[in-house]
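The values are calculated or read from the model by the stated rules, or taken from the named source; none is laboratory data. No experiment lies behind these values; they were computed from the predicted model shown. Every residue, glycine as well, gets a Cβ built from its backbone with ideal geometry; the counts of neighbours run over all protein chains shown. The accessibility values were calculated without ligands, DNA or RNA, using every heavy atom of the protein model including side chains. Shrake-Rupley method; radii C 1.70, N 1.55, O 1.52, S 1.80 Å.
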Amino acid sequence: MCAVGSQYQKTAPTDVSDRVCEALTVCNGDQYETTAATSTSNRACEGHRECTSLEYETFAGDAIANRQCATLTVCDFATEYESFAAASSTNRVCAPLTPCNGGQYETTAPTDTSNRACADHTTCLSTEYQTAAGTGSSNRECAALTTCDDDTQYQITAPTDVSNRVCEALT
């Protein structure tokens with residue numbers, strides 16, 4: 001009789017020969033059992049698969065099951081950025097890029113791994129006029145309105161939202 005749990009019967013006994021027992025294969029730490037041993041057959045082992053550079057590990061594998069891998073998410077960098085980088089056992093996470101609304105401009109352009117930053121356009125005060133209009137990538141610029149000196153000047157052109165007051169000397 002072969003030792004149960006450590007041997008299997010490789011050759012059955014005959015009238016003229018004894019049975020032949022052989023040690024069961026032991027799967028090492030980098031392998032899993034693909035075929036279980038029986039009293040008359042050896043176990044079969046196979047190496048755990050390796051995840052490719054386009055995959056991440058979803059299950060490490062163990063003594064009886066192979067490693068499982070899944071395809072990494074691919075961010076669309078035109079509309080997303082990578083908010084969480086992939087690691088050997090975690091998928092990458094993509095997040096939508098923040099759009100700047102009509103009253104804002106982009107202060108920091110997005111990268112593959114960072115979101116864009118937006119800020120509100122400056123609002124010119126009642127004592128200022130706009131010298132440069134705000135765009136999607138630049139802030140509005142304002143300058144102080146000229147104040148006419150009532151003792152020596154008078155106003156010849158009133159200020160607007162986008163032009164300065166014009167003063168002229170009294171005559």
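Using every pair of separate Cα atoms, the Kirkwood estimate puts the hydrodynamic radius of region 1-44 at 11.2 angstrom.
For GLN153 and GLU46, calculate 0.36 nm times their separation in residues minus their Cα-Cα distance, and state this gained length in nm to one decimal.
Details: separation 107, 0.36 × 107 = 38.52 nm, distance 9.59 nm.
Computed gain between GLN153 and GLU46 is 28.9 nm.
Got a sec? What order do SER89, SER114, SER39 fall in by accessible area at 1.4 Å, biggest, i.e. largest, first?
Values: SER89 65, SER114 40, SER39 85 Å².
In descending accessible area the options line up as SER39, SER89, SER114.
If DNA, RNA and ligands are ignored and the probe is 1.4 Å, what is the ranking of ASP15, ASP112 by accessible area, most exposed first? Provide the component values of the computation, followed by the final result.
Details: ASP15 165, ASP112 85 Å².
Order by accessible area, largest first: ASP15, ASP112.
Among the chymotrypsin sites (Phe, Trp or Tyr not before Pro) found in region 63-98, those both in a DSSP coil and sparsely packed, with 14 or fewer other Cβ atoms within 10 Å of their Cβ, are PHE77. Using equal-weight Cα scatterers in the Debye expression, the normalised intensity of region 36-151 in log10 at q = 0.14, 0.15, 0.17 Å⁻¹ is -0.78, -0.82, -0.91.
Accessible area per residue was computed with a 1.4 Å probe on protein heavy atoms; GLU55 scores about 40 Å².
Using heavy-atom solvent-accessible surface (probe 1.4 Å) with all chains present, what is the largest-first order of ASP30, ASP62?
Numbers: ASP30 115, ASP62 65 Å².
Solvent-accessible surface, decreasing: ASP30, ASP62.
Once all protein chains are placed together, ASP18 keeps about 120 Å² accessible to a 1.4 angstrom probe. Separation of region 40-93 and region 106-171 by C-alpha centroid, Å? Their Cα centres are 56 Å away from one another. Taking only Cα atoms and a 10 Å spring cutoff, compute GNM fluctuations for the chain and point out the largest among CYS21, CYS45, CYS100. Evaluated over the chain, the most mobile residue of the options is CYS21. Largest GNM mean-square fluctuation among VAL16, VAL93, VAL74, using the chain with Cα springs under 10 Å: VAL16.
Magnitude of the charge dipole for region 51-132, about its Cα centre and with charges confined to Cβ atoms of Lys, Arg (+1) and Asp, Glu (-1), is about 100 debye. Of ARG67, ARG116, ARG43, the residue with the greatest mean-square motion in the GNM of the chain, using alpha carbon springs below 10 Å, is ARG43.
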